[in-house]
Structures are given as C-alpha cells and as structure tokens.
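Student: Before I ask anything, here is the structure I am working with.
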Amino acid sequence: MKKKVFVISHSHWDREWYMSFEKHRLRLVKLVDEVLDLIDNDPEFNSFQLDGQAIIIDDYLAIRPENKERVDRAIANGKLRVGPFYVLQDDFLISPEAHVKDFQIGRQMSETAGKMMGIGYFPDTFGNMGQTPQMLKLAGLDAVAFGRGVKPTGLNNQVTDGNFESPFSEMKWIGPDKSEVLGILFANWYSNGNEIPVDPTEAKAYWQQKLADVEKYASTDNLLLMNGVDHQPVQKDISQALAVARELFPDYEFIHSNFDEYLAAVKADLPENLSTIEGELTSQETDGWYTLTNTASSRVYLKQKNAAVQRQLINEATQLAAIALPKSDYPQAQLKYAWKVLLENHIHDSITGCSIDPVHREMMTRFEKVAAIAESISDEAQKALVADIRTDQFPEGTLPFVVINPSDIARTGVVTAEVELDRALFKDGRPDEQFAKMQLIAQQNRHYTIIDGKGQAVAGRVTGYTTRFGADLPDDRFRVPYIGVYAQVEVQVHDLAAFGWETFALQLEAQNQRYADQPSESLITDGHILENDYLTVTISQVDGSLTILDKRTHKTYQRMVVIEDTGDMGNEYIYKETADQKRIYSTDQAPRLQIKQDTPEKATVELNSTLQIPKQATDQLAYEQRAVIDITHRQATRSSEMIDLELHLAVTLEADNPTLQFDLTYDNQAMDHRLRVLFPTQLQTDFNESESIFEVVKRNNRPEKYWENPTNPQRQQAFVNLHDDQGGVTVASDGLNEYEILPQDGTIAVTLLRSVGELGDWGYFLTPEAQCQGPQHAHFALIFHGPQTVDRLKSYRLARAFAAPMLAVQTTRHAGQRANMGQWLTIDDPDNAFAVTGVERDADQQLIVRGYNLDSTPHSVQVKSAGVDALVDFQSAPIQRATDSELAPAEIRNYRFKV
Ligand SMILES: [Zn+2]
C-alpha cells in the first residue's frame with residue numbers, strides 16, 4: 001500500500017493582531033477572492049479550509065455582498081470547508097457559555113449553506129482546556145486538531161515518561177469525565193506543507209524533508225500536510241505542485257484533500273498503541289517560558305470588562321428574558337447578534353490582550369455595544385418579571401421594590417436599591433421649577449422603614465437622596481421627560497433563594513419611630529477589627545496585613561492580603577521579572593485606616609498606603625525591545641527614579657455573610673511592572689483547585705522537572721482554592737484571570753495588573769496602552785471553608801456568585817401571578833455540586849438550563865421547572881441519559897424543559 005499524503009489548503013487567519021482588524025481584513029478579501037477564482041478555474045483543487053472559523057464568511061461578505069451566491073455554492077459543493085466554530089477562541093479567558101455560543105453559531109452558519117467541517121479545530125490556541133473532549137462530544141464531534149500542549153517524541157522514542165507526551169501525532173484525549181476523542185497534534189505545526197515548490201529540484205529536497213518530518217510522528221500511512229500558515233495567501237499552483245510530487249515520489253499517493261477525508265482515512269487505520277493524554281494541555285512538560293499563560297494578565301482592563309459584559313449578557317439579559325418574557329418575545333435574534341459581536345473579542349489574539357493598541361481600542365467599543373444590548377434586554381425582562389410579582393400586600397403609600405438573585409446559590413448580604421420617591425413631569429412645569437420641587441423633597445430628610453412582604457421591618461436604611469433628570473420611552477407614544485427624586489436604600493437580605501426574588505417596600509415613618517426596632521451594634525471594634533459570626537478580621541496598624549480567624553474551623557490565617565510590586569521586562573505574552581529583582585510590598589509601611597461604613601449590616605474599613613516604586617525600566621529595555629532580544633536573554637533593570645503609588649484597599653464585612661470582600665483602587669503611573677495580591681495561607685499541599693471551563697481543575701503546586709521559568713502562572717475563571725484536610729481558602733475574583741501558587745508558604749498570588757510596553761512574539765511592535773496607565777480597580781474576596789467537601793463546594797458556589805450581584809428593581813403596588821417571594825428555577829442539590837453556567841431558550845423557545853459538576857465524584861441533583869425535562873447536547877438534541885440519574889464526575893449537563 002502506498003502511503004497517502006493528504007494536503008490541505010488553508011490560511012491561519014488571526015483576525016486582528018499585529019495589524020488592526022481592517023488591515024488584516026483587506027488582505028482576507030484578497031485571499032478569499034483568489035480562493036473563489038481558484039475553485040472556479042482549477043477542477044483539481046479539492047477545497048480550501050476556512051481555518052475553523054465561520055466568521056471569515058461574515059467578514060468577507062461585508063465587503064463583497066455580491067459574492068454571497070458564489071460563497072454559498074462553494075460551501076454547498078464542499079469547496080469551502082466551514083466551521084465548526086464561529087471564531088478561533090481563547091480557551092481559558094472566556095466563559096463556558098461563550099464556548100457554547102461559538103459552537104452553536106459556527107454550526108448554524110456552516111449548515112445554512114452546506115456541511116460543517118467535522119473536527120474540533122484549535123490550531124493556535126494558547127493551551128487547551130481539559131473539558132475539550134466532553135464539549136466536542138456535546139457539539140457532535142469526536143476528533144480534534146490542535147497545535148500546543150503535548151510534546152511529540154517521535155517513532156524512535158516509543159517510551160514516554162510524561163503525561164503530556166506522545167510518540168505519534170495521533171492520540172487519545174480523555175477529559176475529566178472520561179469522554180474520549182481522537183486528538184491530532186500538529187507535531188510540525190500547521191504549516192508543515194506550506195509553499196510547495198513546483199520546480200522539480202526544489203520540490204525533491206522539499207519533499208524529502210517534509211515527508212521525513214511527518215513520518216516521524218504519523219501512526220498510520222495517512223500523512224497530513226497543512227498547506228498554509230498565518231495569513232498565508234493561497235498557493236495557486238498547488239495542483240501543479242502536487243503533479244510534480246507524484247512524478248518525483250511514485251511510492252506516495254498525493255491527494256489534495258480536506259479534514260473530513262483525512263479523518264475518515266486515519267480513523268480506519270489507527271494502531272492499538274496510541275498514547276492517552278488526560279485533561280488540560282498547558283505545555284506542562286516544557287521549560288515553561290512559552291506557555292503564553294501570562295496573556296491572562298495582559299491588559300487586565302479587557303478581562304474585567306469581559307467579565308462584566310458576560311455577566312450582563314448571560315446572568316441578567318439572557319436568563320431573565322428566558323424566564324420572564326413570553327416565549328414569543330424572547331429576543332433570540334438580538335441575543336445572537338450580541339454574542340457574535342462579543343465573540344469577536346474572544347479570539348485568541350484579542351481577549352488575550354496580545355495585539356497592538358488599535359485592536360484593543362476597537363474591542364472596548366464592541367464591549368460597549370454588547371453591554372448596551374444586554375442592558376436593554378435585561379431592563380425589559382426585569383420590568384416584565386416584577387410586573388408579574390404580587391406586591392399588593394404592601395400598605396397603600398409604600399414604595400415596593402423587588403430584590404432578584406440571578407445566581408445559583410442562596411444569598412445573604414446587603415443589597416443597594418434606588419427607589420423613586422416622586423417625579424415632576426416637564427409637561428407640568430419648567431424643568432428648573434420641577435427640579436427645585438423635587439430637590440425640596442430630597443432635603444426634607446424624611447424617615448423611612450424598610451418592610452418585607454409580611455410587613456415586618458427589616459435591617460437596612462436610606463443612605464442618601466438624589467434629584468435628577470429622567471425620561472420614559474413608551475412603546476406607543478412620545479417620550480416623557482421628568483425630574484425624579486430618589487432614595488438610595490441598603491437592605492439586608494437573608495438566604496434569598498437561588499434563582500429567586502423577594503419583595504420589600506419603603507415605608508414613610510413619623511420622625512420618632514425612626515429605626516425604633518433596629519439594632520445599633522457595629523461590626524467594627526477599635527477602628528481596625530471587623531467581626532461577624534463567621535470571621536474576626538484584624539487589620540495590622542503596623543503593616544496593613546490582615547489576621548483572619550475562621551470561627552468555624554478555629555483556624556487563624558496571618559499576614560494575608562499583601563500587595564506586591566515587581567518589575568516586568570517581558571511583553572504581552574510573557575512576564576519576565578527585571579534583572580534587579582527589586583520587590584516592593586504594601587507591608588513595608590503602616591497604613592492609614594479610615595472607616596468608610598459602619599452600620600449593623602455592613603462594615604467597611606479602608607487601608608490607604610503609599611508605595612514608593614520605580615517609575616519604569618531603564619533604557620536597556622528599550623534597546624532589548626528594538627533589537628528583538630528574546631525575553632529569556634534580557635538584562636534590563638528598573639530605573640532609580642521612584643514614584644508614589646497610592647493604594648486604597650476597602651475591606652468589607654457584612655453581618656451573617658461569610659464572604660470577606662475587597663475593593664482596591666489606585667492610579668497607575670508606573671510602567672514595566674506587575675502588581676499582585678498575596679494570600680500566604682501557610683497551607684502545605686501539593687495541589688490547588690481552580691475554576692476552568694465547565695471544570696474545577698486540580699493542578700500541581702509545583703511544576704514538572706523540565707520547568708525553567710521561575711514563575712508558574714495559571715489561568716482561572718471565578719476562583720482558586722488551597723486546602724488541606726482541615727479546611728482551606730477560596731479566593732474569588734471578578735475578571736482577574738491569572739494566579740500563581742507559591743508552594744513554600746502556600747501563597748495564592750492573584751495578578752492585579754501587568755504593565756508592559758510591547759507585543760512581543762515575532763517582531764518589534766510597541767504597545768504603550770498595555771502599560772495600563774490611569775485609574776485601576778480590582779474586586780476580589782476570601783471565603784473560608786472547613787474539612788467537608790460539601791463546605792468546600794459551597795465556597796466555590798459563593799465565589800462564582802461573588803461576581804453576580806443581586807439586582808433591585810422598583811415596582812408599583814399591584815396584583816400578580818407570582819408570589820411576593822419565590823424562585824423561577826428550583827435545584828435540589830444537597831452537596832452544592834451543580835454549578836449553573838446559563839439559563840436560556842433554544843431555537844424552539846424551550847428552556848435550557850446548563851451547568852456542570854464542580855466535583856470529580858458523582859452527586860445527586862435535580863433541576864425543576866415547568867415542562868417535561870430531558871438531557872440534551874449543545875444543539876438541543878436528546879442524549880441517552882435520564883435526568884434523574886446521578887450527576888457523573890465532571891459532567892456537563894444541559895436540561896431542556898419542553899412545554
Ligand atoms: Zn493565531
């Protein structure tokens with residue numbers, strides 16, 4: 001049998017990177033023009049593979065709408081191979097729901113015109129998530145091609161000693177739930193058949209080399225040659241080049257082909273002795289320098305904005321529209337459009353923050369667009385929900401409002417609401433007169449009590465009043481402008497149900513009844529100790545570090561919450577500490593403490609400290625950048641010129657709430673440096689757990705033996721945890737995707753900011769905006785837990801909820817179909833194992849509830865809603881499992897409720 005050489009024409013299309021999107025796109029239009037011509041003119045041209053991302057079709061047709069039929073025909077004839085994704089995403093920095101939308105939209109676009117390319121495609125992703133096998137299965141795929149994360153050792157080295165090595169480019173890849181797919185590694189990169197010579201002499205040398213390279217790793221007689229690379233123009237004489245090859249190497253069969261044919265051939269021939277790799281592939285068995293993990297801390301502002309926009313779109317707009325709007329009003333098309341715009345930001349050179357400044361400026365505009373859509377949909381859904389909730393039990397004259405918990409766990413805490421007390425319409429008087437009228441009400445210093453649905457006073461207060469312009473935009477008539485006067489209200493809720501709501505009302509009181517039955521105790525002692533039933537937090541007046549007693553486990557954590565500043569002479573991809581290794585800590589001086597809030601429900605103490613840090617790196621760094629010196633060979637240090645970095649760290653503890661919250665604000669005027677927050681837990685453990693995509697991943701605290709990089713950065717979604725058999729600490733954060741475990745003292749280090757001045761990679765591209773100058777903020781929290789798994793899992797659920805605040809919506813007194821307190825979804829999950837990632841309606845307007853098992857053991861879970869439930873895949877196709885069966889280890893589950 002002849003060996004078969006499958007040559008696949010493609011171009012890896014980074015949509016925006018070292019040039020702006022539009023500059024890259026103009027080149028893309030040329031490429032697709034040429035591909036379409038080639039398809040028309042060369043009958044031997046099998047097909048062109050559109051890089052796994054259907055967005056190329058949108059980008060092309062936006063410029064050449066007249067070619068839509070040609071494109072559709074090429075897809076229908078299998079000449080253009082489209083999908084399976086909408087974009088080539090980053091794996092770790094986007095939400096699980098974003099991955100699902102990427103699958104769904106990619107499939108929809110591919111199948112509108114023809115057939116989807118039948119392989120998961122991650123050529124350039126910066127590491128691969130552990131749940132890839134299960135996610136691909138749920139997307140109807142059983143094979144994946146990828147470029148990074150596994151070391152190919154070659155046929156002559158059959159014995160492997162690592163978990164992330166394979167002698168072959170083909171391997172079995174198993175996820176944490178034991179789902180298995182066929183993995184195809186681009187062992188010689190996705191360019192191993194690029195620019196094939198037509199000249200026989202050149203072709204002979206070319207093929208001798210390329211065939212030897214590919215045969216070194218191939219497990220079958222089917223050899224894969226990728227004809228293309230980053231932004232590569234199509235090779236127009238490919239048919240001629242293959243004809244020459246056939247002449248020169250008659251022992252091989254050269255086929256211009258595509259992934260579907262290649263996969264079918266490989267699958268039929270696979271040997272028994274394929275290696276098995278398990279879980280995430282993050283270049284664990286390398287020297288650690290080129291994992292590109294530090295893209296998780298490049299341009300942190302992008303990550304924070306992404307977290308906020310995803311929350312608005314997923315938890316608020318999509319979920320509330322799914323449960324509150326009539327099925328026929330569910331904004332399917334609007335949400336799909338919002339996702340398409342957001343996914344543009346989720347590409348592996350975009351959300352990673354490793355492009356030039358104009359690329360990331362355009363991303364911020366896209367985020368704004370998606371936020372605007374999400375806000376509109378969410379507002380409409382909230383209005384519909386509260387209109388349906390009964391509030392007529394409140395006395396006449398009271399002002400009802402509804403607190404909504406969009407998260408999957410019951411919440412206790414302080415919620416801020418804004419309640420309109422009165423309004424004066426422009427049609428009834430001059431705006432300035434109306435403003436004065438409303439201002440008078442604000443100045444009256446009225447006294448209010450907050451009551452619950454039973455008419456009982458609850459803990460809370462009005463913290464202030466504002467008067468301002470507003471306007472109603474009715475659906476059926478002209479806008480109605482007015483001046484409104486508003487009370488800012490803080491109310492404490494207790495165990496507000498997951499996916500639930502509770503009604504409250506503001507009730508005007510006579511002056512002498514003010515807060516009559518409210519406790520007056522404070523959570524603060526001596527101006528520096530915060531205490532509730534769960535924690536005692538002592539702020540050191542000497543160095544500002546925190547000593548935290550977990551009252552449930554009686555364990556004390558010392559010197560917690562230290563801010564660290566170090567130099568960074570790396571780039572957008574890689575952190576490299578400056579050669580001086582000068583490190584500055586917030587504990588180097590005494591803080592100035594200020595009580596910001598002191599009520600029975602909530603205490604906030606602000607620590608203000610001034611760090612003296614170097615202004616930037618020396619000129620040596622500028623030279624090393626211009627001379628394109630690899631980061632591992634750089635010698636730059638930080639300058640001796642120092643500037644002040646004023647840190648304002650607000651520490652907040654609420655009554656009855658185990659979550660200790662932190663808000664850090666500062667104005668970054670330094671360059672070439674990194675800021676982290678350190679939590680030295682002193683826990684001596686070998687593993688940490690953190691949230692990845694549909695997975696709580698367990699990672700070694702110490703890297704493998706090959707590791708040379710002095711740092712070992714990792715990526716997270718909502719949390720990272722360290723624990724031993726006595727209990728542990730979960731650090732929750734909002735849009736902070738990078739952490740590192742320093743095993744010596746069990747420190748969890750979370751990166752707050754990384755300021756660097758260049759892109760890096762293959763050339764010299766300055767990126768002054770990656771220095772992230774100006775006002776910055778960070779929002780994170782600590783949650784402690786005891787030895788029980790159920791308690792640890794609860795800390796994970798609370799950490800995920802930390803970034804999904806409760807909402808408060810004012811309403812009128814009215815009757816309603818829904819009780820004054822309730823839930824739109826009930827989840828019976830005694831072990832806290834099932835984390836819900838999304839609630840939405842599918843293409844048939846049926847309710848979908850998606851989530852995953854936070855644990856690696858089975859748990860019992862039941863999700864209840866109206867309708868008949870079934871388990872489905874990402875396309876809403878039924879899968880063969882009962883909904884009442886146990887949630888399997890690391891299972892991703894989609895419930896579909898058919899009404
Ligand atoms: Zn790429």
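Student: Among the residues of segment 218-250, how many are acidic (Asp, Glu) and either closer than 30 Å to residue 165 by Cβ or within 16 Å of the ligand (Cβ to nearest atom) (or both)? Talk me through it step by step, then tell me what you get.
Tutor: Keep residues of segment 218-250 that are acidic (Asp, Glu), which gives 221, 230, 237, 247.
Within this subset, residues satisfying the condition of being either closer than 30 Å to residue 165 by Cβ or within 16 Å of the ligand (Cβ to nearest atom) (or both) are 221, 230.
Residues that pass the stated criteria total 2.
Student: Out of the residues in segment 173-217 meeting the condition of being among the small types (Gly, Ala, Ser) and either open to solvent by less than 10 Å² (accessible area, probe 1.4 Å) or within 16 Å of the ligand (Cβ to nearest atom) (or both), tell me which one is nearest to the chain's Cα centre (by Cα). First the steps, then the outcome.
Tutor: We begin by selecting, within segment 173-217, every residue among the small types (Gly, Ala, Ser); these are 175, 179, 183, 187, 191, 193, 203, 205, 212.
Right, trim to either open to solvent by less than 10 Å² (accessible area, probe 1.4 Å) or within 16 Å of the ligand (Cβ to nearest atom) (or both) and you get 175, 183, 191, 193, 203.
Numbers: 175: 20, 183: 25, 191: 30, 193: 34, 203: 46 Å.
This residue is 175.
Student: Considering every residue within segment 787-795, establish whether at least one is open to solvent by less than 10 Å² (accessible area, probe 1.4 Å), in a helix (DSSP H, G or I), in contact (Cβ under 8 Å) with a residue 24 or more places away in the chain and not aliphatic (A, V, I, L, M). Walk me through how you get there before you give the answer.
Tutor: Taking segment 787-795 as the starting set, the residues that turn out to be open to solvent by less than 10 Å² (accessible area, probe 1.4 Å) are 793, 795.
If we keep only those that are in a helix (DSSP H, G or I) too, we end up with 793, 795.
Add one more test, that the residue is in contact (Cβ under 8 Å) with a residue 24 or more places away in the chain, and what stays is 793, 795.
Filter again for not aliphatic (A, V, I, L, M), leaving 795.
Checking segment 787-795: at least one residue is open to solvent by less than 10 Å² (accessible area, probe 1.4 Å), in a helix (DSSP H, G or I), in contact (Cβ under 8 Å) with a residue 24 or more places away in the chain and not aliphatic (A, V, I, L, M).
Student: Please enumerate the residues belonging to segment 121-137 that are farther than 25 Å from residue 268 by Cβ and within 16 Å of the ligand (Cβ to nearest atom).
Tutor: Residues satisfying the conditions are 124, 125, 126, 127, 128.
Student: Return the only residue of 446, 461 being touching a residue at least 40 places away in the same chain (Cβ under 8 Å) and open to solvent by 60 Å² or more (accessible area, probe 1.4 Å).
Tutor: Values: 461 fails: open to solvent by 60 Å² or more (accessible area, probe 1.4 Å).
Only one candidate passes the filter, namely 446.
Student: Among the residues of segment 522-553, which ones are in contact (Cβ under 8 Å) with a residue 12 or more places away in the chain and of a type in the set (Val, Ile, Thr)?
Tutor: Passing the criteria: 524, 536, 537, 539, 542, 547, 548, 553.
Student: Could I ask something else about it? Filter segment 87-102 down to residues that are among the acidic types (Asp, Glu) and within 16 Å of the ligand (Cβ to nearest atom) and give me whichever is surrounded by the most Cβ atoms within 10 Å (Cβ to Cβ).
Tutor: Here is the first cut: in segment 87-102, the residues among the acidic types (Asp, Glu) are 90-91, 97, 102.
Next, from what is left, pick out any that are within 16 Å of the ligand (Cβ to nearest atom): 90-91, 102.
Values: 90: 28, 91: 26, 102: 26.
It comes out as 90.
Student: Working only within segment 401-450, note down all residues that are at pLDDT below 95 and closer than 23 Å to residue 318 by Cα.
Tutor: none
Student: Return the total of residues in segment 780-834 being on the phi > 0 side of the Ramachandran plot and hydrophobic (A, V, I, L, M, F, W, C).
Tutor: Final tally of qualifying residues: 0.
Student: When the residues of segment 517-576 are filtered to those that are over 23 Å from residue 611 (Cβ atoms) and of a type in the set (Val, Ile, Thr), which remaining residue is nearest to the chain's Cα centre (by Cα)?
Tutor: Per the stated criteria, the residue is 574.
Student: Within segment 409-434, can you find the residues that are closer than 24 Å to residue 397 by Cβ, in a helix (DSSP H, G or I) and touching a residue at least 40 places away in the same chain (Cβ under 8 Å)?
Tutor: The one that is closer than 24 Å to residue 397 by Cβ, in a helix (DSSP H, G or I) and touching a residue at least 40 places away in the same chain (Cβ under 8 Å): 434.
Student: Among 731, 696, 720, 750, which is open to solvent by 10 Å² or more (accessible area, probe 1.4 Å) and assigned to a strand (DSSP E or B)? Write out each step before concluding.
Tutor: Values: 731 fails: open to solvent by 10 Å² or more (accessible area, probe 1.4 Å); 720 fails: open to solvent by 10 Å² or more (accessible area, probe 1.4 Å); 750 fails: open to solvent by 10 Å² or more (accessible area, probe 1.4 Å).
Step by step, each of 731, 696, 720, 750 is checked, and only 696 is open to solvent by 10 Å² or more (accessible area, probe 1.4 Å) and assigned to a strand (DSSP E or B).
Student: Six or more apart or on different chains, Cβ atoms under 8 Å: show the pairs whose first residue is in segment 343-368 and open to solvent by 10 Å² or more (accessible area, probe 1.4 Å) and within 16 Å of the ligand (Cβ to nearest atom) and whose second is at pLDDT 95 or above and basic (Lys, Arg).
Tutor: Every condition considered, the pairs that remain are 344/15; 344/366.
Student: Looking only at segment 824-868, count every residue that is in a strand (DSSP E or B) and over 25 Å from residue 803 (Cβ atoms) and tell me the total.
Tutor: Here is the first cut: in segment 824-868, the residues in a strand (DSSP E or B) are 826-828, 834-841, 847-853, 859, 862-864, 868.
Filter once more, so that each one left must be over 25 Å from residue 803 (Cβ atoms): 862, 864, 868.
Of the residues in segment 824-868, 3 are in a strand (DSSP E or B) and over 25 Å from residue 803 (Cβ atoms).
Student: Hey, residue 20 hits all of (1) open to solvent by less than 10 Å² (accessible area, probe 1.4 Å); (2) within 16 Å of the ligand (Cβ to nearest atom) but one; which does it fall short on?
Tutor: Every condition holds for residue 20 apart from (1).
Student: A further question follows. Inside segment 458-495, can you point out the residues that are over 14 Å from residue 401 (Cβ atoms) and of a type in the set (Phe, Trp, Tyr)?
Tutor: Result: 465, 469, 478, 482.
Student: Another question, if that's okay. Residue 70: basic (Lys, Arg) and without any contact (Cβ under 8 Å) to a residue 40 or more places away in the chain, yes or no? Reasoning before the result, please.
Tutor: On the way: basic (Lys, Arg): yes; without any contact (Cβ under 8 Å) to a residue 40 or more places away in the chain: yes.
When the stated conditions are applied, residue 70 passes them.
Student: Tell me, which residue of segment 24-56 that is within 16 Å of the ligand (Cβ to nearest atom) and among the basic types (Lys, Arg) is least open to solvent (accessible area, probe 1.4 Å)?
Tutor: 25
Student: Okay, moving on. Look through segment 1-17, keep the residues that are open to solvent by 60 Å² or more (accessible area, probe 1.4 Å) and in a loop (DSSP other than H, G, I, E, B), and return whichever of them is nearest to the ligand (Cβ to nearest atom).
Tutor: Checking each candidate, the answer is 2.
Student: Another question, if that's okay. Only one of (1) open to solvent by 10 Å² or more (accessible area, probe 1.4 Å); (2) more than 24 Å from residue 90 (Cα to Cα) is not met by residue 321, so which one is it?
Tutor: Residue 321 satisfies every listed condition except (1).
Student: So, one more: Can you give me the number of residues within segment 466-514 that are open to solvent by 40 Å² or more (accessible area, probe 1.4 Å) and within 36 Å of the chain's Cα centre (by Cα)?
Tutor: 10
Student: I'd like to check something: does segment 852-862 contain any residue that is within 23 Å of residue 316 (Cα to Cα) and among the charged types (D, E, K, R)?
Tutor: The answer is no, given that none of the residues of segment 852-862 is within 23 Å of residue 316 (Cα to Cα) and among the charged types (D, E, K, R).
Student: Open to solvent by 40 Å² or more (accessible area, probe 1.4 Å) and in contact with a Leu (Cβ under 7 Å, 6 or more places away or on another chain), is that true of residue 79? Break it down into steps so the answer makes sense when it comes.
Tutor: On the way: open to solvent by 40 Å² or more (accessible area, probe 1.4 Å): yes; in contact with a Leu (Cβ under 7 Å, 6 or more places away or on another chain): no.
Judged against the criteria, residue 79 is not a match.
Student: Looking at segment 108-115, is at least one residue modelled with pLDDT of 95 or more, on the phi < 0 side of the Ramachandran plot, of a type in the set (Lys, Arg) and open to solvent by 10 Å² or more (accessible area, probe 1.4 Å)?
Tutor: no
Student: Okay, next question. Suppose we filter segment 268-301 for residues that are in contact with a Ser or Thr (Cβ under 8 Å, 6 or more places away or on another chain), under 22 Å from residue 166 (Cβ atoms) and in a helix (DSSP H, G or I); how many remain?
Tutor: 2
Student: Please find, among 140, 118, 147, the residue that is open to solvent by 10 Å² or more (accessible area, probe 1.4 Å), touching an Asp or Glu at 6+ places or on another chain (Cβ under 7 Å) and within 16 Å of the ligand (Cβ to nearest atom).
Tutor: Details: 140 fails: within 16 Å of the ligand (Cβ to nearest atom); 118 fails: within 16 Å of the ligand (Cβ to nearest atom).
Going through 140, 118, 147 in turn, the sole match is 147.
Student: Moving to a separate point now. What pairs can you find where one residue is in segment 11-34 and more than 14 Å from residue 363 (Cβ to Cβ), the other is away from the ligand (no atom under 11 Å from the Cβ) and of a type in the set (Lys, Arg), and their Cβ atoms are less than 7 Å apart, with a gap of 6+ or different chains?
Tutor: If the second residue must be away from the ligand (no atom under 11 Å from the Cβ) and of a type in the set (Lys, Arg), the pairs left are 29/64; 34/236.
Student: Something else about it: Just checking, which of 151, 204, 137 is more than 13 Å from residue 277 (Cβ to Cβ) and in contact with a strand residue (DSSP E or B) (Cβ under 8 Å, 6 or more places away or on another chain)?
Tutor: Checking each option against the conditions leaves just 137.
Student: So, one more: Considering only segment 216-228, how many residues are over 12 Å from residue 50 (Cα atoms) and assigned to a loop (DSSP other than H, G, I, E, B)?
Tutor: 4
Student: Looking for whichever is of a type in the set (A, V, I, L, M) and farther than 19 Å from residue 347 by Cα here; the options are 116, 129. Which one fits?
Tutor: Details: 129 fails: farther than 19 Å from residue 347 by Cα.
After applying the criteria, what remains is 116.
The values are calculated or read from the model by the stated rules, or taken from the named source; none is laboratory data. Here the structure is a predicted model, which means the values were calculated and not measured. For neighbour counting, all protein chains shown are included, and Cβ atoms are generated from backbone atoms with ideal geometry for every residue, glycine included. Accessible surface areas use protein heavy atoms only, side chains included; no ligands, DNA or RNA. Shrake-Rupley method; radii C 1.70, N 1.55, O 1.52, S 1.80 Å.
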